[in-house]
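Inspection log for the structure reproduced underneath, given as structure tokens.
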Amino acid sequence: MAEPTTLERLRQDARDELAALIELRCRMGEDPWTFLPELPSVDEQVVATLREERLHSERWSPARARAYHPTARRGDVARFEFEVLRDIALDHPELSRAVWSMLERVPSTW
């Protein structure tokens, strides 16, 4: 059997993570009809994972520190988040739809 590609593995990991979260919230008594629409899609979860990995990388960590610094200019956070997510879309074109849907929801302080 062939080894799954990185994206396939990331999607499976995201499915597992979301399933665990759903089970936990149901066990805590939450109504799935209430919280399921709020959960990210599998691809959005993958993008969030890739984003988190990049934030700790040598390339992106200094830029994040500058963008989120108290003296940063207005708009620096949004520009930084756009660049990180754009980089993910360029590296993984299959995730472009999820990236662009997440860009619409980038808050000023993420």
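A compact table of results
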read-out: Fully extended contour minus Cα-Cα distance, from Arg86 to Arg74, at 0.36 nm per residue; value: 2.3 nm
read-out: With 10 Å bins from 0: P(r) over the chain, alpha-carbon pairs, percent; value: 13, 37, 32, 16, 2, 0
read-out: Accessible surface of the range 1-62, 1.4 Å probe, proportion on carbon and sulfur as whole %; value: 55
read-out: Mean separation of Cα contacts under 8 Å (6+ apart) over length of the chain, as relative contact order %; value: 23
read-out: Expected 222 nm ellipticity per residue - DSSP helices of 4 or more, -39500 (n - 2.57), all of the chain, to 500; value: -20000 deg cm²/dmol
read-out: Summed side-chain charge close to Ile22 - residues other than Ile22 whose Cβ falls under 13 Å, Lys, Arg +1, Asp, Glu -1; value: -3
read-out: Estimated vicinal HN-Hα couplings, Hz - the range 95-102 in sequence order (Karplus 6.51, -1.76, 1.60; Gly, Pro = x); value: 9, 4, 4, 5, 4, 5, 5, 6
read-out: Average accessible area per residue (Å²) across the chain - probe 1.4 Å, nucleic acids and ligands excluded; value: 71
read-out: Residue-by-residue Karplus 3J(HN,Hα) for the range 80-90, coefficients 6.51, -1.76, 1.60, Hz, glycine and proline x; value: 4, 4, 4, 5, 5, 5, 4, 4, 5, 4, 5
read-out: Furthest towards positive pole of dipole, Leu7, Cys26, Ile88, structure part the chain, Cβ charges; value: Ile88
read-out: Cβ charges +1 (Lys, Arg) and -1 (Asp, Glu), total dipole of the chain, debye; value: 580
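The values are calculated or read from the model by the stated rules, or taken from the named source; none is laboratory data. Here the structure is a predicted model, which is why all the values come from computation and not from measurement. Cβ atoms come from the backbone with ideal geometry, glycine included; neighbour counts cover every protein chain shown. Just the protein is used for accessible areas: all its heavy atoms, side chains included, with ligands, DNA and RNA removed. Shrake-Rupley method; radii C 1.70, N 1.55, O 1.52, S 1.80 Å.
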